[in-house]
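Every number in this text was worked out from the coordinates using simple rules, so none of it is lab data. From a predicted model like this one, the values you see are computed outputs, not experimental measurements. Please note: Cβ atoms are built from the backbone with ideal geometry, for glycine as well, and neighbour counts cover all protein chains shown.
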Amino acid sequence: MIPLSHYLLVSAVLFGLGTVGVLISRNLITILMSVELMLNAANLALISFARWHADPGAHVFVFIIFVVAAAEAAVGLSLVIAIFRRKNTVDVDELNILKG
Amino acid sequence: MDFAVFWIAAGVAGAAAINLIFQSKPINSVLSLVVVLFALAVLYLQLSAEFIAALQIIIYAGAIMVLFLFVVMLLNLNQDQFGSNRKPGLRSFGVLIGGTLIIEISLIARAFVSSSPTDGQVVAAEFGSVAQVGRLLFGEYLLPFELTSILLLIAVAGALVLAGKREEAQPPEERS
Amino acid sequence: MDSTILTFLIFWPLITAGVLTLVRSDRHDAIRIYALVATLLEFVASLYLLFAFETGAGYQFVARWVWSDALGVSYQVGIDGISLFLVLLTTFLTVISVWASFAGIKERVKGYFIAFLVLEAGMVGTFCATDLFLFYVFWELMLLPMYFLIGIWGGVNRIYATIKFVLYTITGSLFMLVAIIYTANVVHQHTGVWTFDLMVWSQFDIPAAQQLWLFLAFALAFAIKVPLFPFHTWLPDAHVQAPTAGSIILAGVLLKMGTYGFLRFAIPLFPAAFLDALPYLVVLSVIGIIYGALVAMVQKDIKSLVAYSSVSHLGFVMLGMCALNTIGFTGSLLQQLNHGLSTGALFLLVGIIYERRHTRLIADYGGLFKVVPVYGVFFMITMLSSVGLPGTNGFVGEFLILLGAFRSQTIAAVFGTAGIVLAAGYMLWMFQRVFFGKVTNPENDRVTDMTLRERAVMVPLIVMIFVIGLYPKPFLERMEPALQRVLSRVEQVRIVREQALTPTLFVGPAAVPVTNEPEEDIRP
Amino acid sequence: MLNTIWLIPVFPLIGFMINGLFGRRLTRYGSGVLGCLTVFASFILSLLAMLFLGEGPHRFTLAEWIVAGRFTVSFGFLLDHLSAVMAVTVSGVAFLIHVYSTGYMAQDERFSRYFAYLNLFVFFMLVLVLADNFLLLYMGWEGVGLCSYLLIGFWFQKDSAANAGKKAFIVNRIGDFGFALGIMLIFWKFGSVYFPEVFAAAPEMFVPGDTLVTAICLLLFLGATGKSAQIPLYVWLPDAMEGPTPVSALIHAATMVTAGVYMVARCSVLFALSPTALLVVAIIGAATALFAATMATVQNDIKRVLAYSTISQLGYMFLACGVAAFSAAIFHLMTHAFFKALLFLGAGSVIHALHHEQDLRHMGGLRKYLPATFLTFGVATLAISGFPGLAGFVSKDEILWSSFASPLGGVAFWVVGVLTAGLTAFYMFRLFFLAFYGKSRFSEETATKVHESPMSMTGPLVILGILSFVGGWIGWPKVLGGGNSFEHYLAPVFAAAEELLPHGVNHAHSTEFLLMGLSVGIALLGFIWAYRWYLRGSTAPENLKNKFPAVYRLVQNKYYIDEFYHLVIVRPIVGGSRWLWKYFDELVIDGSVNGLAAFVRQLGQAGAQPQNGYFRGYAATFALGSVAVLAWLIYVLS
């Protein structure tokens, strides 16, 4: 039996890598994918805890996260397309109209 | 055996994730992410979450990633067409932050584990099966489950509005 | 009638401003005439106050509607001898300013007059409100149109000036707001009712320990508005940049808000703290008198000279308040009117010449008396009123202030009297440089004399200057009872507090027998 | 009848209003006649009032003025022997000068404005002398100052005139500063500002020598030094000669400048209570008399000589007040009004004839060109020099005698007075000889144009000449067989003051004769001196000038007092104010306000720095935040 901590470690690594991806990537699509990576890391943690506590409720949550991830990918990618249409780029460094 | 599977899967996932974030071509990143998803599906199976593992392959790797792939193709972003990096410091800073985060989360995870009394539990064979999760979904969690459909509906509408063709000519708000 | 007249006076300008928004904005003449008629009607209506006013009775024309029972906020207006003439001054000067801006304002005419009407509503409301909350609402309401008047129709450097003006004022008024809420809370703790009613508050003795800070918060708001040295630096900027009519109202009415605030709120609500702060206020007023006069002397711009002279004059007003006797108080209140009239008239005159020459620098003028004799005479009379020549209004006010102050603040009065000498210095010097000598700049030869409209605007001001100068009695006698009430409130505190002996200078065996004013006794 | 006294000042006011408002529509003739007639009406009314006055003072209150608290003051008029004398003198001399002005100012384009100002002046002056309270007096006092300002600066296009007007007003204001404080002190002490009340209460309220009464008197006297051009505030009067000459005659010689003397005489009761104040008055008066006389000896401008002479004569009057010879002061005030007005008008006639030439060095030999002026001027010169029998002799002699004989006087005062008398004779005859005798020092061209002035100007000269001759006889001293009826006439006014003062020992008639003879002798000496130096064409003055150049320069430049004031008072005030404005106002106050604003702005800018719109920046901040939160969590958990 593999200890819980191993799974959690993998989850942490994946989450951290996702974060790094969000931070260092300049491509909007890669950033979105890094976010997916972070969601997956969270999913892994949920599944491991579910197994640990023998509670399948967490599976439902993961299921819902899938739905959210799908929605997020759909909306996020539409945004990417919209932005690309306007600016002809998906470089986040070109997008600074949030400036306060 | 278990350990070997675990380490292989974990190693593949980690390597693919690293490849994901450091690839300059989005298409490669997408493919790396698919690899990560498959590796994670193996881990899910190991954790006796069959239903989720199946969903992971079918929906995530099958549907969502195709969406990504489609957009990447659509926008033809294969070449690295970006200008010079405006925030050169952010690259190492991001790695640093990510590293710290990994260490911190691991520490917390360890704290959890060390406070847990037992090392794993025996679960029923039914655990994580389609039937069991399905019962939960249509029983105890019916309302959230139905709500997800609304969420998806909204997402579809949003995606259509955002990415759909504009009939009326919008003034192109060019900000050099 | 009596209970609605004030409400009418407050809301009439707002209603007319609302109607004005419907007029097409390019019909300039119609808009001007409309605004003039509206303010004239307001002025005529306000004259009713003068005739129906009962000398000696407390608040009159009182109206009250509860706004919110839970908060204790109500719409409550009323005037007494203190606010009567300030309301009249407001309506009077508004007519003058509106008429005076007929020629000067050529752009965004509609907005200008709307701002003016709203301003008038705010000013009248501020003087009439007897509920602290309502007062604060009007106090801030007044700020907005003034902000626009300077910021849109002002001079070159108007943005700086208007932001400075607003920030100064807001800083003060926020302190005041905190103090108002705190005081309401104190009153609530002791009486169990939430109320902002001034009548209730003035009956209530706020604990001495809290008075000082509350007083200081109120005093800061009012001192900035007065402006008392050293809070005066917004004034020259605002005046220089403001359009003519804005300057008239700013000097004529807005500065009076500060002194009015002291008389109406800060002193009667916190008499003990006022007594504590008295020496400092005296020193600041005297510095203001001398400092304002000195700095005025070396100004290069006529408007900023007049602005600094306002600092000096308002110093007198404050000194009169600090005299703490009937003579000083009445002088102080009368001087508020006087300053409104004569400084308003001065700004008007500066505006008239500015419209012709587009400069306000003293150095650009010279020898005008020959070119525009009528203008020169008007200017001279106004100037003489400003330096306090006997026979003009300025003298009555300043003399009463100094006479009052001489009794209780002898040294301050001596310095104040020296301020009168300096006043003659800066005004005459300026007058000489502008009007005397030869015409050195050929542009000045082409200046035309005052038009019929401009003369008609000035004449009422000149008439009032002499009326108050020669027969101030009807003004003074209406003011006095209200001021007595404020005074007696301070005196109560003082008598309780002051067991020890006071001045020796005036106390002799043959001191004048006590007349019917106990608060002015020469105490043993 | 006496209740109409308020009309005395009102007539000129009406004249002022009509001339001021509608002057341009009146003809010159109309303006002039209106101006003269209104003043003449006042003169007649004053004469009538004097006749009907009888024994006691009469008060009439027209209306209330200011009522505030315990302070009340009204437009009240007081007619007693003193104000009657003053009103008659003022309106009489003013009338003559108005008539004279119609000729003198005939060519001026602002003729009606001139008469408006002159009428306004007469109004304020009559208010001043007829007021029954300090505040109304103060109103007249400031009012005449205003008119003086307006009339000195009448030719405002000349910078010197505009400057002189301003200087006069401001220096007067400095005096008024003291006066105003004096009034305030009086009010708080007596509870009233009405003359009768104050003067009735004063003797009971104070013991003689009380500090407070001394303070009151000195403050009032400060006002008097301003208005009457005494040390240290005399500097404005010589400059005031920039105004039209009739103005100099009326305002700066005959009437306004004597207001200070009138005021001190009016407050005789208060001054009598304070020997210190009287001593100060006497010293200032004597010092001014001598000081100004020395400056008069070297001036070359005909009007400036007369101006310093006026200051000097005013000094005499204050000397008289200081030794409590109030009636002598008023007497001299009256005779001085006659002969000094005459001197100025004569000088005006000369200036008019020479087309605005005022320099004595460019005159000479005018005797034959201007006979009427010459004759009347001669009478006035004799009168001011104290030629026995003329008005000036009588009044000056009375002052000199009082300064010797009064218990408050002394030999020193007498010596200074006599010395001044000698100097007066000297400089007046110097002027007289330089202007009217000797060779003409003006160009041939001018000589052909020189002409005697019109009747409107010579008429007043003649009348004033007669008055300068006989005006003194109403006060003919007892010792010379007269009745000194003037002193008797004024006696009731000064009775209260007399009672408070120590009574002097009776001096022998022989002493009085001796002193009179001495003073006449010294005046004669002055005359001879001037005669030898300036008529006989001696080189002595030149020699003296060359011998003591420093002294000459010092006196010629009026002892550099103007420069001294400028350096010590005006410059520091203006410079200091500029410093205050630039450094304190703009740098310290505005600097701190703007500095605060700048600080807040910078704080905001610093805070806005990360909000640069770059998505990754926000993300990094967010990530950093989660790292921090987790770190804190770990710290808490462990």
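Suppose every K and R has +1 on its Cβ and every D and E has -1 on its Cβ; what is the size of the dipole of the protein assembly as shown about the Cα centre, in Debye to the nearest 20? Display every interim value, and only then the final one.
Details: 83 positive and 81 negative charges, 831 e Å.
In total the dipole reaches around 4000 debye.
Can you check how the C-alpha radius of gyration of chain D compares to 2.2 N^0.38 Å, as a plain ratio?
Details: Rg = 31.1 Å, N = 638, 2.2 N^0.38 = 25.6 Å.
Normalised by 2.2 N^0.38 Å, the Cα Rg of chain D equals 1.21.
How shielded is A:30-42 by partner chains, expressed as the average number of their Cβ atoms within 10 Å of its Cβ atoms?
Details: counts 14, 4, 5, 13, 6, 0, 8, 11, 0, 1, 9, 5, 0.
Neighbouring Cβ atoms belonging to other protein chains average 6 per residue here.
Which of rounded, prolate or oblate describes the range B:1-83 when judged by the alpha-carbon gyration tensor and an a/c cut-off of 1.5?
Numbers: a/c = 5.04, a/b = 1.74, b/c = 2.90.
Because a/c hits 1.5 or more and a/b fails to exceed b/c, the range B:1-83 counts as oblate.
Where in the range C:296-324 does the amide nitrogen come within less than 13 Å of the point 7 Å from the Cα of C:L361, taken along Cα to Cβ?
Residues passing the 13 Å test: C:300-302.
For C:I152 and D:A597, FRET efficiency with R0 = 30 Å and r from the beta-carbon atoms, rounded to 0.05?
0.90
I need D:V394, C:V350, C:V166 ordered by Cβ neighbour count within 10 Å, fewest first. Before the final figure, lay out the partial values.
On the way: D:V394 27, C:V350 22, C:V166 18.
So the ranking, lowest neighbour count to highest, is C:V166, C:V350, D:V394.
Size of the dipole of chain A about the Cα centre, Lys and Arg at +1 and Asp and Glu at -1 on the beta carbon, nothing else charged, in debye to 20? Don't jump to the answer; show the numbers that get you there.
Numbers: 6 positive and 6 negative charges, 44 e Å.
Its charge dipole is roughly 220 debye.
For the range D:225-273 and the range D:67-120, what is the separation of their Cα centres, given in Å?
So the two Cα centres are separated by 15 Å.
May I ask you to list the aspartates and glutamates whose Cα is less than 16 Å away from that of C:K110, ignoring any residue fewer than eight positions away on the same chain?
C:D26, C:D29, C:E120
So what is log10(I(q)/I(0)) for the range C:189-305 at q = 0.16, 0.17, 0.23 1/Å, when the Debye sum runs over its Cα atoms only?
-0.82, -0.89, -1.29
Hey, if you put +1 on the Cβ of every Lys and Arg and -1 on every Asp and Glu Cβ in the protein assembly as shown, which of C:L174, D:G165, C:A418 ends up farthest toward the positive end of that dipole?
About the Cα centre, the residue reaching furthest to the positive side is D:G165.
Using a basic spin-label model with each label point 7 Å from the Cα along Cα→Cβ, how many nm lie between C:E107 and B:A54?
In this crude label model, C:E107 to B:A54 measures out at 7.5 nm.
Roughly how many debye, to the nearest 20, is the charge dipole of the range D:13-86 about its Cα centre, given +1 on each Lys and Arg Cβ, -1 on each Asp and Glu Cβ, and no other charges?
Details: 5 positive and 3 negative charges, 89 e Å.
Magnitude of the dipole: close to 420 debye.
State, to one decimal in nm², a quarter of the convex hull surface area for the C-alpha atoms of the protein assembly as shown, i.e. the direction-averaged projected area. Provide the component values of the computation, followed by the final result.
Working: hull surface 286.8 nm².
Orientation-averaged projected area of the Cα hull: 71.7 nm².
Using the Cα centre of the range A:4-99 as origin and beta-carbon charges of +1 (Lys, Arg) and -1 (Asp, Glu), tell me which of A:L28, A:G57, A:A73 is placed farthest towards the positive end of the dipole.
In the range A:4-99, that residue is A:L28.
Amide H of D:L366: which non-local residues (sequence gap of 5 or more, or other chain) have their own amide H closer than 5 Å, using H built in the peptide plane?
Here D:F436, D:Y437 satisfy the definition.
Once the Cα atoms of helix D:195-205 and of chain D are each reduced to a long axis, what angle between those two axes, in degrees from 0 to 90 to the nearest 10, is obtained?
80 degrees
Please give the per residue volume of the convex hull enclosing the alpha carbon atoms of the range C:284-501, rounded to a whole number of Å³.
Working: hull volume 23.4 nm³, N = 218.
Hull volume over Cα atoms, normalised by residue count, gives 107 Å³.
Give me the distance in nm between label points sitting 7 Å out from Cα along the Cα-to-Cβ direction at C:W213 and D:D562, one decimal.
Placing both labels 7 Å along Cα→Cβ, they lie 6.2 nm apart.
So how tilted is helix D:326-353 from the main axis of chain D? Cα-based, degrees 0 to 90, rounded to 10.
Taking the Cα atoms of chain D, the angle to D:326-353 is about 90 degrees.
Counting only residues 5 or more places away or on other chains, whose amide H sits under 5 Å from the amide H of D:H58 once H atoms are built in the peptide plane?
D:L79, D:D80
What percent do you get for the relative contact order of the range D:281-436 when only Cα pairs under 8 Å and 6+ apart count? Present the calculation step by step, with values, prior to reporting the outcome.
On the way: 237 pairs, mean separation 48.8, N = 156.
With pairs under 8 Å counted, the relative contact order is 31 percent.
Please report the relative contact order for chain C, taking Cα pairs under 8 Å with a sequence separation of at least 6, and give it as a percent rounded to a whole number.
Values: 887 pairs, mean separation 75.3, N = 524.
14 percent.
Restricting the calculation to Cα positions, tell me the Rg (one decimal) and the Dmax (whole number) of chain C in Å.
Calculated on Cα positions, Rg and Dmax stand at 22.5, 75 Å.
Answer with one residue from D:I44, D:G23, D:L7: the one whose Cα lies farthest towards the positive end of the charge dipole of the range D:1-83, charges on Cβ with Lys, Arg +1 and Asp, Glu -1.
D:G23
Measuring from label point to label point, each 7 Å out along Cα→Cβ, what is the D:A608 to B:L153 span in nm?
Taking the simple label geometry, D:A608 and B:L153 are separated by 4.4 nm.
Quick check on the exposure proxy: order C:I163, B:I52 from fewest to most C-beta atoms within 10 angstrom. Let's see the in-between values first.
Values: C:I163 16, B:I52 29.
Sorted ascending by nearby Cβ count, the order is C:I163, B:I52.
What does a probe at C:L144 reach in the range C:227-246, counting residues whose amide N is under 16 Å from the point 7 Å along Cα→Cβ?
Counting only backbone N, you get no residues.
So if each residue of separation counts as 0.36 nm, and I subtract the Cα-Cα distance between D:I589 and D:R441, what length gain in nm does that give? Don't skip to the end; give the middle numbers.
Values: separation 148, 0.36 × 148 = 53.28 nm, distance 6.30 nm.
So the extension gain works out to 47.0 nm.
Fewest Cβ neighbours within 10 Å first, please rank D:M455, D:M205 accordingly.
Numbers: D:M455 12, D:M205 19.
Listed from fewest to most nearby Cβ atoms, that is D:M455, D:M205.
Please report, largest first and rounded to whole Å, the three semi-axes of the ellipsoid equivalent to the range A:4-99, where each semi-axis is the square root of five times an eigenvalue of the C-alpha gyration tensor.
Working: eigenvalues 200, 48, 10 Å².
Those come to 32, 16, 7 Å.
Counting only helical runs of four or more DSSP H residues, what would the 222 nm mean residue ellipticity of chain C come to if each run contributes -39,500 (n - 2.57) and the total is spread over all its residues?
Details: 21 runs with 375 residues, N = 524.
So the helix-based figure for chain C works out to -24000 deg cm²/dmol.
Give me the distance between the Cα centres of the range D:436-472 and the range D:1-65, rounded to whole Å.
30 Å
Can you compute the label reach from C:E54? Point 7 Å from Cα along the Cβ direction, backbone N cut-off under 13 Å, restricted to the range C:1-42.
The answer is C:2-3, whose backbone nitrogens lie closer than 13 Å to the label point.
If you fit an axis through the alpha-carbon atoms of helix A:57-87 and take the longest principal axis of the Cα set of chain A, what angle between them do you get, 0 to 90°, nearest 10?
Helix A:57-87 sits at roughly 10 degrees to that axis.
May I ask you to evaluate 6.51 cos²θ - 1.76 cosθ + 1.60, the Karplus curve with θ = phi - 60°, for each residue of the range B:28-43 and list the ³J(HN,Hα) values in order in whole Hz, giving x for glycine and proline?
After applying 6.51 cos²θ - 1.76 cosθ + 1.60, I find 5, 4, 4, 5, 4, 4, 4, 4, 4, 4, 4, 4, 5, 4, 4, 4 Hz.
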